[in-house]
Every structure is written in structure tokens, then in C-alpha cells.
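The next block holds one structure in the form of C-alpha cells; read it before the comments.
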Amino acid sequence: MAETDISIDAQETLIPEDFDGTLPERTALVRRTLVLGRQRLLRWKFIAGFAVAVVLPWLVRNIVVPEVSGASLDNAFIGTGLALIIGYYLLRSFSNFPGVRGGGYILPSFAASYGVVLAWFFFLRLDYSRFQFIASFAIACAWYYSDFFASRRRRRPTIGVVPLGQAPALRDVDGVNWRDLDLDGNDAIGCESIVADLRADMPDEWERFLADHAIAGVPVHHYKQVQESLTGRVQIEHLSENNFGSLSPEHIYLQFKQVVDVVTAIFAGLLLLPVLLPVALMVRLTSPGPALFKQKRIGFRGQPFTVYKFRTMRHEGDGGDRRETAITHDNDSRITPLGAFLRRSRIDELPQIWNIMRGQMSWIGPRPEAYVLSQWYEEELPFYRYRHIVRPGITGWAQVNQGHVADVADVLWKLQYDFYYIKYFSPWLDLLIVLRTLRTMLTGFGAR
């Protein structure tokens, strides 16, 4: 969202004195001026970043050590330019999702883009300048970090709220300057957009107000659309279609993702085997019972399957399907000392690589619930089964935002995160979840 940094009085000065348009047209003119100014600023920032992170190291290398100039340096110039562009658009793509602070994804975005380009150079056996790549990567990160910290003091976006229906409830959402509107329209000047409960019964005056502003070019959104974009949750009063007007996630990406899951799971299983075997041995030696914990859970399209994890609790026989034993509480006394570490680091989830190889799970998706809990939740929560329309995952949008839950009241919130993931199912959201999961593994967020 764009940011509004100036007052209403100051925004009035953006309107030419000879402009005789209607009030909605005046509002739209101010908004377009502010948005174009912000786009122009972003464009110049990108050009300046390209100059200091790509052109500058290339010039320095040519001037300081001209004898090494040639194909390797020119190749590196093209490669670092491509890496900067990819990293920039990765960062912009992540910023479209709720709760994302750009500063936390600068290093991962550029590390991924520069790493991919370097891997391509290595695969094609192209000559390149290591100085150009190292200097360009360091300068790119420094440039965008400095821009991020310099921009932190900017004011939050300003959104106008029509005070009817459910729209005023948005005022409880942080991160936005909410401005209550009235029919004279003056408060709408300087608003980035207007939100309203478009399903509420409105007086004719408000209907005309919204129609006039929409025609003039001011975005008018249904409050639920804005609520989803700010909270990362989808309310579940009714099933919500995705951007393609369908209840099903994008089919091509669903198939592509399964192929990637299986291939990467095979490689990960072979790579991690030297780690998995010692962990299994440590589980056996530190507490009585098997190394692996097996549990019946509900998976893709509602089919039951057996999930595998490293055992992190005391072994209590074959009572795992009872509701009481299926729920993990805060500071659960059944968790062993080693199990607490395995849970915090998410190492206990690694045996599920076998479930991914078999096509029962994905790396990323809604967490599969125990069979007994799933039955309970289906009785208490509407549309609960809809979460089974995609393969369950080792990690997911709900896990990186909310952590582990068990009570029905908390599961309702978790389900809203799951529905958001299904509605906005995309490689960009999956990549963001991967990055947040890495942070979770380091901090232990959500572990029980």
C-alpha cells in the first residue's frame, strides 16, 4: 500500500487553482498525484541501487585492475544486474503479503537471487569476476537496508471507512490510519482507498458517494478484502473463492508443487540420513520406547494416513488416538528433555520426509490433524473439511503466524489462516513460508 505523509490541508495544494472538478474528482486527483510520486521515487531508488550495486563495482574493477577486464567481468556485470532485478522483485513480491516487514527479507531475497545466478554460471561453466559478485551483493544489501531504515519513520497508509455495516470493525486492525468518512467527502481527500461493507443496506446518499468516488478513480474495496490483506486470515462465514473465481486452488501449480516436493524429499532424505539415524538413536537411549511416533491423521481430500515423527514424549502405549492424549498442551509434562529441543528446532518433523515421498504430504500446507481431533473439529467448526483441498504440510501459513494450537477457539483462528493460504495459493506465498520457517527454527516460535 502507498503511504500518505502529508495533511489534508497540504494535499489541497496538490490541486491546481483552475481545477473545477467534483469533490470525488478532487480526491482522485490528489491520490493519483501521491501514487505517481511514490512510483517515481521507487523507480529512481531502483535506478540508483542498480548504479551503486552493479555499475560502480564494474567501473572500479575496470579502473583499478584494467588488465583483468574482459569476458569474465562483462559476464559478471550481466549476471549481477540480473540478480539485482530478481532480488528486487522477490522483495516486492514478499511485501504484498500481510505482516511482512521488508527489512527481514532483504538478505534472503538477494541471497537467493545472487545464489541462483551464480549456480547458473557454474552450471554453464561461464567465466565471471568474483569481485563483481561479492561487491555487488554486499552493496545491494547495504543499499536496501539503508533505504528500509530511512523509510521506517514514514506515516502509515490512510484509508477512509464508511461508517455503516461491518466496515467500522476494521478500526481494530493495526498498521493503518483509519479515517471515518462523512457525506460531505472532505475527509476522503488524501485517502489511498475507501472501504465499505458493500453487502450492508446503505442509504441512497452513500450509494451515490461510493459510485462517484469509484468512477472518479478512487479504489473502493469491500471491508473483507482489506481485512484479509492486513491480517492474513480469511473469515469463514462462507466459503471464499480464490482470485480465479474458484474454490479449488490453481491446478497447474498444485501438480508442479507435488513433483517438486517428491524430488526434493528424495534428495533431502539422502542428504539428511546421516543426521536422522543419530537422532533416532538418541531418542531411544534417552527414554524408553520407539524412536518414531506414528499417528493416524487426515490428509489430502480427507483421506486418512499415518504420519511419522521423532518421538518427543514419554511412550504411553497404544492410546494415541484418544482426544486427551492427542492434544499437546503448553509445558506438557509428557515431553522429554530431548523432545523439547527437537520440537523447538522442528527436527522432530523430519521423518515426515517419507510421507512427502509417498505423496501424502507436502513441505508446505495446512498441518494435518490427528484423526480424533479432526473429527471433533468438523463437528464444531463450519467448512473445516475444506482445508483438505490441498496436501497437508510440514510447515504452513498458520504455523509461522500463530504457532501450535489445540483448543477449538484457537483452531478457528488457525482455520482462517489455512483458508487464506488456500485462497492465495502461489509459489510466492510458499517461498515466504519457507523463509519464516527458517526464522521459526532459530527462535522456536510456536513450539510446545
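The values are calculated or read from the model by the stated rules, or taken from the named source; none is laboratory data. Values in this document were obtained by computation on a predicted structure and should not be read as measured data. With ideal geometry, Cβ positions are generated from the backbone for all residues, glycine too; neighbour counts draw on all protein chains shown.
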Would you check which residues across the range 403-439 are modelled with pLDDT under 75 and either in a loop (DSSP other than H, G, I, E, B) or not assigned by TED's automatic domain parsing to the domain that holds VAL372 (or both) and list them? GLY403, HIS404, VAL405, ALA406, ASP407
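One line per residue, one yes/no per condition, for (1) over 14 Å from ALA83 (Cα atoms); (2) among the β-branched types (Val, Ile, Thr); (3) surrounded by fewer than 18 Cβ atoms within 10 Å (Cβ to Cβ); (4) in contact with an Asp or Glu (Cβ under 7 Å, 6 or more places away or on another chain):
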| position | (1), (2), (3), (4) |
| --- | --- |
| LEU118 | no, no, no, no |
| PHE123 | yes, no, yes, no |
| TYR128 | no, no, no, no |
| ILE134 | no, yes, yes, no |
| CYS141 | no, no, no, no |
| TYR145 | yes, no, yes, no |
| PHE149 | yes, no, yes, no |
| LEU164 | yes, no, yes, yes |
| LEU170 | yes, no, no, no |
Could you check the range 117-131 and list, in sequence order, the residues that are within 18 Å of PHE50 (Cβ to Cβ) and modelled with pLDDT of 90 or more? VAL117
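Quick check on my filter: what residues within the range 248-262 are exposed (fewer than 12 other Cβ atoms within 10 Å of the Cβ) and touching a Lys or Arg at 6+ places or on another chain (Cβ under 8 Å)?
Step one: list which residues in the range 248-262 are exposed (fewer than 12 other Cβ atoms within 10 Å of the Cβ), which gives 251-252, 255, 259.
Of everything in the range 248-262, nothing turns out to be exposed (fewer than 12 other Cβ atoms within 10 Å of the Cβ) and touching a Lys or Arg at 6+ places or on another chain (Cβ under 8 Å).
For the range 174-203, name all the residues that are among the small types (Gly, Ala, Ser) and over 33 Å from the mean Cα position of the chain (by Cα). First the steps, then the outcome.
Narrowing the range 174-203 to residues among the small types (Gly, Ala, Ser): 175, 185, 188, 190, 193, 196, 200.
Within the range 174-203, GLY185 is the sole residue that qualifies.
Just name the residue that is nearest to LEU438 (Cα to Cα) out of those in the range 108-154 that are among the β-branched types (Val, Ile, Thr) and over 23 Å from the mean Cα position of the chain (by Cα). So that I can check it myself, show each step before the final result.
Taking the range 108-154 first, the residues among the β-branched types (Val, Ile, Thr) are 116-117, 134, 139.
Next, only the ones that are over 23 Å from the mean Cα position of the chain (by Cα) stay: 117, 134, 139.
Details: VAL117: 22, ILE134: 24, ILE139: 24 Å.
It comes out as VAL117.
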How many residues are touching a Ser or Thr at 6+ places or on another chain (Cβ under 7 Å) and outside any loop (DSSP other than H, G, I, E, B) when one looks only at the range 264-292? 1
MET313 passes all but one of (1) surrounded by 12 or more Cβ atoms within 10 Å (Cβ to Cβ); (2) of a type outside the set (Lys, Arg); (3) more than 14 Å from GLY339 (Cα to Cα); which number fails? (3)
